[in-house]
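Chemist: Okay, handing you the structure first.
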Amino acid sequence: MDIKKISRGILFSAVIFSPVVILPFFIHTPFHQLIFVIGISICGWGGFYASNLIGERDRLNREVFMQSYELKKAKEALDSCLAIDSQTHVYNERLLCSRLTEECDRSRRYRRPLSFLLAGIDGFSDVKKEYGEITSEVLAQEMNQFLKESMRGVDIIIRKGDDQLVAILPETAVNSARVVAERIRYSIEKKIFRIEGREIKITVSIGLVGFDSAIHRRKEDVLSSLDRALEKARKSGKNQITTIASETE
């Protein structure tokens, strides 16, 4: 038996049963003494049982807490390991930096063309307000899946934030990448997304960057160029494509 349970039982018994020894001297009839002893015994066993219940409750609370904590840590570990969105099979943002570095190094080493696209849903905050968080998330996932299916097998599609998608296009010069970007822009413009009985139409703006080893020395340089290109496209009226092929653009 648990030492703590025994200790609680002894404590309860000492407190409850101590009057049994003293009070019978003040109760004159045997009948009343018997009733008193029975009552005290019941209280004592009740206290002992309550003590065990309290101990069991504390133990279960500790177990639940530990299991919840372990489950949380396991989920965090799993999330940190997974690099692919389970819904769309598109790479998530955890993989973005490593793949950018790998492809830039390869392009620099072998002097091969490399381009990047950053596509963003126009007015995504308004979409959230109109349709809600869940529908907006499903919409973003379906757009990601749609784009993934329309790209080459060698292209790397990575989700960035809630409403953006990075496409890494190996062996692709800027002119060819612009053809890809235009196909994406046009396809999204014409597509009707059907979600929970609703028909939703969206447009995307796309920033296009051609890799330049003299400018893009780090992955952060590529991301900065992509962000500037997308911002420029949106400021041009949305549903646009803007190319940044050199530092002066």
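Chemist: Within 22 Å of ASP221 (Cα to Cα) and part of a helix (DSSP H, G or I): does that describe ALA119?
Modeler: So ALA119 does not fit the description; no.
Chemist: Here is a follow-up. Determine which member of the set GLU199, GLU189 is in a helix (DSSP H, G or I) and surrounded by fewer than 16 Cβ atoms within 10 Å (Cβ to Cβ).
Modeler: GLU189
Chemist: Among the listed residues ILE195, ILE188, ILE200, identify the single one that is over 19 Å from LEU226 (Cβ atoms) and in contact with a Ser or Thr (Cβ under 7 Å, 6 or more places away or on another chain). Outline the logic, then answer.
Modeler: On the way: ILE188 fails: over 19 Å from LEU226 (Cβ atoms); ILE200 fails: in contact with a Ser or Thr (Cβ under 7 Å, 6 or more places away or on another chain).
From the options ILE195, ILE188, ILE200, the qualifying one is ILE195.
Chemist: Can you find even one residue in region 137-146 that is more than 17 Å from SER187 (Cα to Cα) and assigned by TED's automatic domain parsing to the domain that holds GLY207? Lay out the reasoning, then the answer.
Modeler: Step one: list which residues in region 137-146 are more than 17 Å from SER187 (Cα to Cα), which gives 137-138.
Add one more test, that the residue is assigned by TED's automatic domain parsing to the domain that holds GLY207, and what stays is 137-138.
Taking every residue of region 137-146 in turn, at least one turns out to be more than 17 Å from SER187 (Cα to Cα) and assigned by TED's automatic domain parsing to the domain that holds GLY207.
Chemist: Go through region 99-124 and give me each residue that's more than 16 Å from ARG185 (Cα to Cα) and surrounded by 24 or more Cβ atoms within 10 Å (Cβ to Cβ). It would help to see each step written out before you state the result.
Modeler: Of region 99-124, the ones more than 16 Å from ARG185 (Cα to Cα) are 99-115.
The answer is LEU100, LEU114, SER115.
Chemist: Going through VAL174, VAL154 one at a time, which residue ends up being among the β-branched types (Val, Ile, Thr) and surrounded by fewer than 15 Cβ atoms within 10 Å (Cβ to Cβ)?
Modeler: On the way: VAL174 fails: surrounded by fewer than 15 Cβ atoms within 10 Å (Cβ to Cβ).
So the residue among VAL174, VAL154 that is among the β-branched types (Val, Ile, Thr) and surrounded by fewer than 15 Cβ atoms within 10 Å (Cβ to Cβ) is VAL154.
Chemist: Taking the conditions exactly as written (in a helix (DSSP H, G or I), modelled with pLDDT of 95 or more and either among the acidic types (Asp, Glu) or not assigned by TED's automatic domain parsing to the domain that holds LEU147 (or both)), does GLU220 satisfy them or not?
Modeler: No: the conditions fail for GLU220.
Chemist: Within region 95-143, can you find the residues that are polar (S, T, N, Q) and closer than 27 Å to VAL179 by Cβ?
Modeler: Within region 95-143, the subset polar (S, T, N, Q) is 98, 101, 107, 115, 125, 135-136, 141.
Once the filter is applied, which keeps residues that are polar (S, T, N, Q) and closer than 27 Å to VAL179 by Cβ, region 95-143 yields THR101, SER107, SER115, GLN141.
Conditions tested, residue by residue: (1) aromatic (Phe, Trp, Tyr); (2) touching a helix residue (DSSP H, G or I) at 6+ places or on another chain (Cβ under 8 Å); (3) within 15 Å of PHE193 (Cα to Cα).
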site	(1), (2), (3)
GLU103	no, no, no
LEU114	no, yes, no
LEU117	no, yes, no
TYR131	yes, yes, yes
MET143	no, yes, yes
LEU147	no, yes, yes
MET151	no, yes, no
ILE158	no, yes, no
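The values are calculated or read from the model by the stated rules, or taken from the named source; none is laboratory data. Bear in mind that the values here come from a model prediction, so they are computed numbers and not experimental data. Every residue, glycine among them, receives a Cβ derived from its backbone with ideal geometry; neighbour counts consider all protein chains shown.
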